[in-house]
Structures are given as structure tokens and as C-alpha cells.
Amino acid sequence: MRKQSVFLFFICAWVGSYGQIGSIIGAETAYSRPISQQTKPAFSTAKLAFTITKNAISDTDKATAIYSWIVSNIAYDHELMHSEMLQKQFYTSEENVIKKVLERKMALCGGFAFLYKQLCAEVGIAVEVIHGFTKNYSSKTQIDEKPKHTWNAVKLNNKWFLLDITWAISNGDGKNPDNFWFLTTPTDFMYSHYPKNSRWTLLKYPQSFEEFQRIGNP
């Protein structure tokens, strides 16, 4: 069933592909640093995280509850995607990105990824933000030198799992996200995503980026 979803995504995921543009503006600047290395936020992500996870027991339950809250309450920010002015205002620090996401209840993929990481951190769950490349609905790889998409890896029971909140929302139906993109197996995830750092393929023997590019490209 999972592999079927992977191939179906190539047909119906044009919205997810469209949503990659402008997603990690400023990835090499201060906002890519963890909040712990910056000024303490003026807003309380801790209170929000504990409210979301108050009925969760295990780390998996907490990670799932946070994912579910984000996909139910934060929409894709089309205005931000098309506004260079807003991007420059918002993408000044990781803290400011998260603050704007919670204020507007909207995000680009970087906003989804940083919010998920911060909320999980508040309840003691390790999460990484991953920048990388993706394939569009025709299965062609974006031809860019720099990554244009961002997703997460979450550590549960001493094992890393992959998730893409942006694609879960974009490929879902209204308030019903495509949960295929939550805790996706690495082999399925790598059909469409390739991280800048190949360790985050989570595969023992990952294909090269060149191989990833060739599949589906002329």
C-alpha cells in the first residue's frame, strides 16, 4: 500500500511540488541555527507543546500528536511563497519563522519543519530539520544547485524516522492529511526526496544523488 501511494503521488502531487519554491530562503543564515543558540523566544512553544501532548504517554504518541496538531491548524502560506518582501521579513531567524507561523497559522515547508522540531524538543524528542531536493509530479528532479525543500527526521525508540509535513498537507484532502508522509519508510521516501546530507536518507547503502536525478529524467 505504501509503494502504491508513492507512485500515486507522482500523479496527484503537483500542489506539493509547487509548494517547494521559496521554501528554505535563508537556509545558510542565522535562522537555520537551533533556537537554543539564539535569544529565548518571547512566545511559549513549551506551553503549546505540553497542551498538545497532555494525553500522550509514549514519545511516539507525542510526536504523532504534534504532527496531527500542525496539519490540522497550520495551512500552506501561499501569500508568503509569492512575496519576497515577506520572506525577507520572516526569514531572519529560526525563532522569527516559528513566531510568524504561529501568528499567521500558515507556513512554508521551512516553517513546518522548524515548528515541528521546536514543539518536539519541548517534550524531549529529538528532531532534525533536513534540507534537500525533491521530484515533481512528473517524477523529474528539480535542477537546482541549492536545496529547495525542507522536511524532518524524528528519533523514536532510538530509531530515526522521516516525515514531510508540507507534502502531507499538500497531498491531503482539506483537513485530512496524506499520512503516508508521516514516519515514511526510508526506501519509500527516497523515491521523491534526497537530502543535502546523504546520511539522512537513513539507508545503509543510499543511492547517489546522480542516480536519484537519473530516475525519471531523460
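A few comments on the model shown:
- Any hit, region 148-156, residues being free of Cβ contacts under 8 Å to residues at least 24 places away in the same chain, within 28 Å of residue 46 (Cα to Cα) and within 10 Å of the chain's Cα centre (by Cα): no
- Checked against (1) at positive phi; (2) modelled with pLDDT of 90 or more, residue 26 meets all criteria but (2).
- Some residue of region 190-199 being of a type in the set (S, T, N, Q), modelled with pLDDT of 95 or more and more than 27 Å from residue 44 (Cβ to Cβ): no
- Residue match in region 143-166 (condition: assigned to a strand (DSSP E or B), open to solvent by less than 50 Å² (accessible area, probe 1.4 Å) and out of contact with any helix residue (DSSP H, G or I) (no Cβ under 7 Å at 6 or more places or on another chain)): no
- Residues satisfying the criterion are absent from region 76-90 (criterion: within 22 Å of residue 124 (Cβ to Cβ) and either at pLDDT 95 or above or open to solvent by less than 70 Å² (accessible area, probe 1.4 Å) (or both)).
- Considering only residues in region 167-218 that are among the hydroxyl-bearing types (Ser, Thr, Tyr) and in a loop (DSSP other than H, G, I, E, B), the one that is farthest from the chain's Cα centre (by Cα) turns out to be 205.
The values are calculated or read from the model by the stated rules, or taken from the named source; none is laboratory data. Only a predicted model underlies this, so the values are computations on that prediction, with no experimental measurement involved. All Cβ positions, glycine included, derive from the backbone under ideal geometry; neighbour counts span all protein chains shown. Areas reflect the complete protein model, heavy atoms only, side chains present, ligands, DNA and RNA absent. Shrake-Rupley method; radii C 1.70, N 1.55, O 1.52, S 1.80 Å.
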